[in-house]
Protein chains: 2
Amino acid sequence: MSDLPQHIHIVEEGPREGFQIEPGPIPTIDKIALIDALSLTGLRHIQAASFVSAKIVPSWADAEAVIAGFTPRPEVEVTALYFSKTGLARVLAFRDRLAITGSISLAASDTFSRRNLNRDRAAQVEAMRQHVVAHAEAGVPVTRLSIQAAFGCNFEGDIAPTRVMETVADGLHLAAETGVTLRELSLADTMGWATPARIEQLVGAVRMRWPDLRLSLHLHDTRGLGIANAHSGLQLGVACFDSTVGGLGGCPFAGHPGAPGNIASEELVLLCEEMGIETGVDLDALIEAGRLAERIVGHPLPSAVLRGGSLRRFRALAS
Amino acid sequence: MSDLPQHIHIVEEGPREGFQIEPGPIPTIDKIALIDALSLTGLRHIQAASFVSAKIVPSWADAEAVIAGFTPRPEVEVTALYFSKTGLARVLAFRDRLAITGSISLAASDTFSRRNLNRDRAAQVEAMRQHVVAHAEAGVPVTRLSIQAAFGCNFEGDIAPTRVMETVADGLHLAAETGVTLRELSLADTMGWATPARIEQLVGAVRMRWPDLRLSLHLHDTRGLGIANAHSGLQLGVACFDSTVGGLGGCPFAGHPGAPGNIASEELVLLCEEMGIETGVDLDALIEAGRLAERIVGHPLPSAVLRGGSLRRFRALAS
């Protein structure tokens, strides 16, 4: 009845997502402390900073200092987010400290793309073509196709799976044309519209059409369904998830101030651990990192596990 | 692949659970205002008060005043919680305003029962026998069997499904002996140990052994898995759930201060609504009631939907 994976790969996006959205300013040393704490939890991939324009995102004006400052560990892949050729050049200055690969990112909602980036479907694809060319020139592989608003859109409402499939096809077509070999397809619930039923429908359809493409889910907990959605993904064999420690990061979209952002890493790890799916993460260490994140931002974070705790210590007390 | 129900029945326990655990004191008129607001949302069953000793639970010293004060509506069944013969007598004074039926309540964890009620397995059953007799004397039907700690226990650790089945069998045996016809079996995740896998295992086993017993789930969101657990219950055909508006009520057990309590009614309703399962509830009206509950208790409540909102208004804006 289910294709539960034996182990999952988590991309921890707490530092990048969280410190971008917090009113801050968050001191550089605090950002570094959280990255270093996370890299001792067993997490294998941390997205640590955002190399975007400091004019648009002042909270990441210290991206260089953060990346220069964390303690690298051979078992942990640290990455950074960037969108432009300028961002790529800044990231490339840290080739020795960062794992650098490119993504083709397309939105399944035309309205979202037009409003957020002022690009229609054709212009999105064209922009990504230039993005791929910039990577080729820099000798950086592009490995991932990421589809935003894959489950619904605040501006456009429900997004039909056929529309998502067309967007995936656009991305695969671009990859083929530009000689890119994609390793992963990420479906992002950018605005918190996913439900278990929509996960089943879309993941099922994508998996049937492109059985060899590794799927990843980027889920938001805007309306409390994030972990139920992750569970539905697991049941369909999805083994890669983005999440944030403590549930760091909020929802950047208008219309739901204060809503949670990404699913909390602790809740995802607990779900997997209690179902016999390996994450490689020490949940109690991750909870400590989440509490550090709460002290840094100065307010409670959404993760219920930060208050409920793991089950391990109760088992230990009981035995 | 699934037995999703077409519609579900929700027992809204927010007033009873929430006002019991809040540091308060909550004014009687505020309790009444929330009950009245909830009874206009389409909810059909509200557990409104707790008739317990005011010495033990001072926050419910005004149970009589609350039940005397709310506005009854023919379509809404209002109930109250009680444990003792004294409690039953107090509730019976409101036969005209309350729906009164009795429950047999047993804990699947012996340690929990001994520590919480100072009763072992035999003493639990004996106490429930007297409880049933008291109901028979008052002419009140006993209709429900409720199993506490059905998915795990802070004192005892994991609880094997076989142990839960034995506890259910104890209750059914007592019902048969005392001439009681049970209509419902409630499985309670009293301390937040359930996972989708444990729901599948236990609900599957119970349904196979007692296919005619209507199942109900009382889920807590202590560790953020509550809605994923509800979804697993739905997939197995469970159509009755307890929940609380806003996620009112916290976790009364030692070891996780500040952890969420029951699953939030708004999240349960959103999950069902978006999956085509009828709840009868107007989600936007329920969200307004949740915001009233937040104003009454004076702090944010756990329900993500209170901040993320329903999807209806975004669909309306998009169309």
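Residues that are closer than 19 Å to B:E166 by Cα and charged (D, E, K, R) within the range B:199-235 comprise B:E200, B:R207, B:R209, B:D212, B:R214, listed in sequence order. Looking only at residues of the range A:271-311 that are among the small types (G, A, S) and open to solvent by 10 Å² or more (accessible area, probe 1.4 Å), we find that the one that is farthest from the other protein chains (Cβ to nearest Cβ) is A:G280.
For B:L268, state whether it is more than 8 Å from chain A (Cβ to nearest Cβ), touching a residue at least 24 places away in the same chain (Cβ under 8 Å), under 18 Å from the mean Cα position of the chain (by Cα) and open to solvent by 30 Å² or more (accessible area, probe 1.4 Å). Can you show your working first?
Details: more than 8 Å from chain A (Cβ to nearest Cβ): yes; touching a residue at least 24 places away in the same chain (Cβ under 8 Å): yes; under 18 Å from the mean Cα position of the chain (by Cα): yes; open to solvent by 30 Å² or more (accessible area, probe 1.4 Å): no.
No.
Residues checked against (1) part of a loop (DSSP other than H, G, I, E, B); (2) closer than 16 Å to A:T41 by Cβ; (3) in contact with a Gly (Cβ under 8 Å, 6 or more places away or on another chain):
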| residue | (1), (2), (3) |
| --- | --- |
| A:G224 | yes, no, yes |
| A:N229 | no, no, no |
| A:F241 | no, yes, yes |
| A:P257 | yes, no, no |
| A:V281 | yes, yes, yes |
| A:A285 | no, yes, yes |
| A:E288 | no, yes, no |
| A:R295 | no, no, no |
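Exactly one residue out of B:D242, B:D212 is within 19 Å of B:H9 (Cβ to Cβ) and free of Cβ contacts under 8 Å to residues at least 24 places away in the same chain: that is B:D212.
Looking across the range A:243-255, the residues that are open to solvent by less than 10 Å² (accessible area, probe 1.4 Å) and outside any loop (DSSP other than H, G, I, E, B) come down to A:S243, A:T244, A:V245, A:G246, A:G247.
Listed conditions (1) touching a Gly at 6+ places or on another chain (Cβ under 8 Å); (2) modelled with pLDDT under 95; (3) more than 7 Å from every other protein chain (Cβ to nearest Cβ) are all met by A:F314, apart from (3).
If you go through the range B:178-201 and pick out every residue that is more than 14 Å from chain A (Cβ to nearest Cβ), open to solvent by less than 30 Å² (accessible area, probe 1.4 Å) and of a type in the set (D, E, K, R), you end up with 1.
Is at least one residue of the range B:202-211 at the interface with chain A (Cβ under 10 Å from one of its Cβ atoms), open to solvent by 10 Å² or more (accessible area, probe 1.4 Å) and in contact with a strand residue (DSSP E or B) (Cβ under 9 Å, 6 or more places away or on another chain)? Break it down into steps so the answer makes sense when it comes.
First pass over the range B:202-211, keeping only residues at the interface with chain A (Cβ under 10 Å from one of its Cβ atoms): none.
No; the residues of the range B:202-211 include none that is at the interface with chain A (Cβ under 10 Å from one of its Cβ atoms), open to solvent by 10 Å² or more (accessible area, probe 1.4 Å) and in contact with a strand residue (DSSP E or B) (Cβ under 9 Å, 6 or more places away or on another chain).
Specify the residue that is modelled with the highest pLDDT; the eligible residues are those in the range A:21-35 that are in contact with a Phe, Trp or Tyr (Cβ under 6 Å, 6 or more places away or on another chain) and surrounded by fewer than 24 Cβ atoms within 10 Å (Cβ to Cβ).
The first filter runs over the range A:21-35 and keeps only residues in contact with a Phe, Trp or Tyr (Cβ under 6 Å, 6 or more places away or on another chain), leaving A:26, A:31-32, A:35.
With the extra rule that they be surrounded by fewer than 24 Cβ atoms within 10 Å (Cβ to Cβ), the set shrinks to A:26, A:32.
Values: A:I26: 94, A:I32: 98.
Restricting to residues being in contact with a Phe, Trp or Tyr (Cβ under 6 Å, 6 or more places away or on another chain) and surrounded by fewer than 24 Cβ atoms within 10 Å (Cβ to Cβ), the top hit is A:I32.
The values are calculated or read from the model by the stated rules, or taken from the named source; none is laboratory data. Because the structure is predicted, anything quoted here is derived from the model rather than measured. Every residue, glycine as well, gets a Cβ built from its backbone with ideal geometry; the counts of neighbours run over all protein chains shown. For accessibility, only protein heavy atoms count, side chains too; no ligands or nucleic acids. Shrake-Rupley method; radii C 1.70, N 1.55, O 1.52, S 1.80 Å.
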